[in-house]
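Participant: There's a structure below that I have some questions on.
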Amino acid sequence: MEIIWHGELCFTIKGKKTTVVIDPYADGKHLLKKIKADSVLLTNDYNEKAKTVDVEKAEKIFNWPGEYEVNGAAIIGIPTYTNQKEEGDTAKGRIVIYSMMIDDIRLCHLGLLGDELDDETLSKIGDVDILMIPIAGTHCLDPKKAHAVIEAIEPRVVIPMNYKDEQIAAMLKEMGISEPKRLEIFDVKSKSQLPEETTDFIILNPAP
């Protein structure tokens with residue numbers, strides 16, 4: 001499996017049998033301009049107002065909670081809110097978290113999550129191997145809350161998204177990490193490669 005970050009919330013996940021792209025919004029500042037994927041996942045597109053970049057080959061586009069399967073990828077869309085205080089407002093702050101099983105590895109993309117997760121949502125997410133988490137602190141988790149969410153989920157690997165350099169520095173300080181791993185692409189051959197007793201913090205450089 002290859003995990004590629006394009007900036008903001010946008011990722012490409014290339015498994016052995018399927019390719020998934022997450023949040024390739026046309027008005028975003030990420031570098032991805034065209035999509036070649038079996039499925040596209042959108043975390044905050046309930047009203048279908050946001051447009052994605054060119055989709056060359058996507059068989060399915062998901063923007064709603066539910067359970068899906070595309071080319072062997074099992075995907076669960078879980079409804080939540082950017083800020084739990086906005087839960088009663090159906091027109092504002094609503095997002096979808098995606099928990100997906102690809103190549104026997106459980107990945108979770110938290111979208112623009114802005115608050116800690118309740119027990120019901122944590123149960124739906126399940127045991128996570130690789131977590132993609134926002135840390136910008138504007139309309140989403142700040143480093144302190146992000147650390148609390150990481151401790152609640154207990155993933156094997158954390159990949160930050162939607163941040164600036166100063167927020168990465170704050171996040172590393174919060175987690176007590178002095179030398180994070182920096183990669184162009186996170187390449188995972190099998191689940192056995194992932195740490196079992198610790199959590200790796202991996203910073204991906206944005207790719208076009």
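Only the coordinates and a few stated rules stand behind these numbers; no lab work does. All values derive from a computational prediction rather than experimental measurement. Because the Cβ atoms are built from the backbone with ideal geometry, glycine has one as well, and the counts that use them run over all protein chains shown.
Participant: Suppose R0 equals 25 Å. What FRET efficiency, 1/(1 + (r/R0)^6) with r the Cβ-Cβ distance, do GLU184 and ASN71 give to the nearest 0.05?
Facilitator: That gives a FRET efficiency of 0.50.
Participant: Okay, next question. When the C-alpha atoms of region 101-156 are aligned to their principal axes, what extent does each axis show, in angstrom, from largest down?
Facilitator: 33, 21, 16
Participant: Taking the simple approach of a point 7 Å from Cα along Cα-to-Cβ for both ASN83 and HIS139, what is their distance in nm?
Facilitator: 1.2
Participant: Additional query: Cross-link list LYS124/LYS181; LYS14/LYS34; LYS16/LYS164; LYS17/LYS60; LYS145/LYS181; LYS14/LYS173: which exceed 24 angstrom alpha carbon to alpha carbon?
Facilitator: LYS124/LYS181; LYS16/LYS164; LYS14/LYS173
Participant: Give the range of the longest stretch in the chain that excludes all trypsin sites (Lys or Arg not before Pro) found in loop regions by DSSP and having at most 14 other beta-carbon atoms within 10 Å.
Facilitator: Details: sites that count: LYS16, LYS17, LYS29, LYS33, LYS36, LYS49, LYS51, LYS57, LYS92, LYS164, LYS189.
Between exposed loop sites, the widest span is 93-163.
Participant: Eigenvalues of the Cα gyration tensor times 5, then square-rooted: what semi-axes does that give for region 158-202, in whole angstrom, largest first?
Facilitator: For region 158-202, the ellipsoid semi-axes come out as 21, 13, 8 Å.
Participant: Rg/Rh for the chain: what does it come to with C-alpha atoms and Rh from Kirkwood? Write down the numbers at each step before the final one.
Facilitator: Working: Rg = 15.7 Å, Rh = 17.0 Å.
Computed over Cα atoms, the ratio is 0.92.
Participant: Here's a follow-up. If I histogram all Cα-Cα distances within region 113-208 using bins 5 Å wide from 0, what percent of pairs lands in each bin?
Facilitator: Answer for region 113-208: a P(r) of 3, 12, 24, 26, 19, 12, 3, 0 percent.
Participant: Going 7 Å from the Cα of LYS191 toward and past its Cβ, which residues in region 104-127 have a backbone nitrogen under 15 Å from where you end up?
Facilitator: Correct set: 104-108, 126-127.
Participant: Taking region 114-208, which GluC sites (Glu not before Pro) meet the DSSP loop condition and have no more than 11 other C-beta atoms within 10 Å?
Facilitator: GLU184, GLU196, GLU197
Participant: Taking the number of other C-beta atoms within 10 Å as the exposure measure, put VAL157, VAL21 in order starting with the fewest. Each step should come with its number before you reach the end.
Facilitator: Details: VAL157 23, VAL21 27.
By the 10 Å Cβ count, ascending, the order reads VAL157, VAL21.
Participant: Report the FRET efficiency, 1/(1 + (r/R0)^6), for LYS29 and ALA152, where r is their Cβ-Cβ distance and R0 is 25 Å, rounded to 0.05.
Facilitator: Once the sixth-power term is evaluated, E becomes 0.30.
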